[in-house]
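The values are calculated or read from the model by the stated rules, or taken from the named source; none is laboratory data. Bear in mind that the values here come from a model prediction, so they are computed numbers and not experimental data. As a convention, Cβ positions derive from the backbone with ideal geometry for all residues, glycine included, and neighbour counts pool all protein chains shown.
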Amino acid sequence: MRTLRPLALLAALAAAVAVAPAVQAETVLFGTDGVFTSSGTSTLDLGNGNSISFNGQGFNTANPNPFTFATFGQFDTSGFTTDIETPVTTGFELTIGQLAPTFGEAQFIGTIAGNLTVSSSGVVLTFTSPLAVMIGNIKYEILSSDLGAGTLVLSPPEINNGLTSINARITAIPEPSAFILMGLAAPAAFLYRRRTATVA
């Protein structure tokens, strides 16, 4: 009968230690979409056949263990073809949609302002705080910081083919129950060591 108690403590310890990696290794299925508030679509018409578009991420998988880097989509200025400096002013809404491990949706809000030509850009997207949102136990965080946290300078058409990515990080946050089990592991290990030391 005396051997059962140490074995039970060891089993509790093993279960607690095993829970944390299992929680962190969740597969995330997510996608993104972006809308210019002045047009209500993913394309911003600047007149005279010129435009800027946003290409969201189709649904794809990420494996944060406990985190992974990602992009939340790309701005494309290749539809802008004039040398005339053109002002760009609009709001922008970035939506994160998650299908797994839980279903949910969250938004980032920003503003776009500056002047654009075919060879130069002063167009800056500035996301307002917060720069991180939670869907279930998954955290989505904007890392772009060209001119400070949450800022992104859009490339002109002649640089990088007019493409600019929103850099991000996805993190799996352990559920509170995992922390409770991990907390139980320490006293279980202590009691087991104390008992074996007493027996010796």
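Beta carbons closer than 7 Å, at least 6 apart along the sequence or on distinct chains, pair a first residue in segment 91-119 that is under 16 Å from GLY73 (Cα atoms) and in contact (Cβ under 8 Å) with a residue 60 or more places away in the chain with a second that is part of a strand (DSSP E or B) and small (Gly, Ala, Ser) for LEU94/GLY34; ILE96/ALA106; GLY97/GLY31; GLN98/GLY104. For segment 128-153, a tally of residues being on the phi < 0 side of the Ramachandran plot and either in a loop (DSSP other than H, G, I, E, B) or under 13 Å from the mean Cα position of the chain (by Cα) (or both) returns 18.
Going residue by residue through segment 104-111, is there one that turns out to be buried (at least 16 other Cβ atoms within 10 Å of the Cβ) and of a type outside the set (A, V, I, L, M, F, W, C)? Looking through segment 104-111, at least one residue is buried (at least 16 other Cβ atoms within 10 Å of the Cβ) and of a type outside the set (A, V, I, L, M, F, W, C). Among residues of segment 131-145 that are more than 14 Å from THR27 (Cα to Cα) and free of Cβ contacts under 8 Å to residues at least 60 places away in the same chain, those with a Cβ under 7 angstrom from a residue that is part of a strand (DSSP E or B) and acidic (Asp, Glu), sequence gap 6+ or separate chain, pair up as LEU131/GLU141; ALA132/GLU141.
All conditions in (1) surrounded by fewer than 17 Cβ atoms within 10 Å (Cβ to Cβ); (2) under 13 Å from the mean Cα position of the chain (by Cα); (3) outside any loop (DSSP other than H, G, I, E, B) hold for ILE166, with the sole exception of (1). Within segment 42-68, residues that are in contact (Cβ under 8 Å) with a residue 60 or more places away in the chain and more than 19 Å from VAL123 (Cα to Cα) reach partners that are aliphatic (A, V, I, L, M) and buried (at least 19 other Cβ atoms within 10 Å of the Cβ) with beta carbons closer than 6 Å, at six or more positions or on different chains, in the pairs ALA62/VAL28; ALA62/ALA70; ALA62/ILE170; PRO64/ILE170; PRO64/ALA172; PRO66/ALA172; THR68/ALA62; THR68/ILE170. Just one of (1) more than 18 Å from GLY56 (Cβ to Cβ); (2) touching a helix residue (DSSP H, G or I) at 6+ places or on another chain (Cβ under 7 Å) fails for THR77. It is (1). Restricting PRO174, PRO156 to residues that are over 28 Å from GLY40 (Cβ atoms) and assigned to a loop (DSSP other than H, G, I, E, B) narrows the list to PRO174. For segment 92-134, a residue qualifies if it is touching a Phe, Trp or Tyr at 6+ places or on another chain (Cβ under 9 Å) and charged (D, E, K, R), and exactly one does: GLU93. Output the number of the condition that SER144 fails; it satisfies all remaining conditions of (1) farther than 21 Å from PRO66 by Cα; (2) modelled with pLDDT of 95 or more; (3) small (Gly, Ala, Ser). All conditions are met except number (1).
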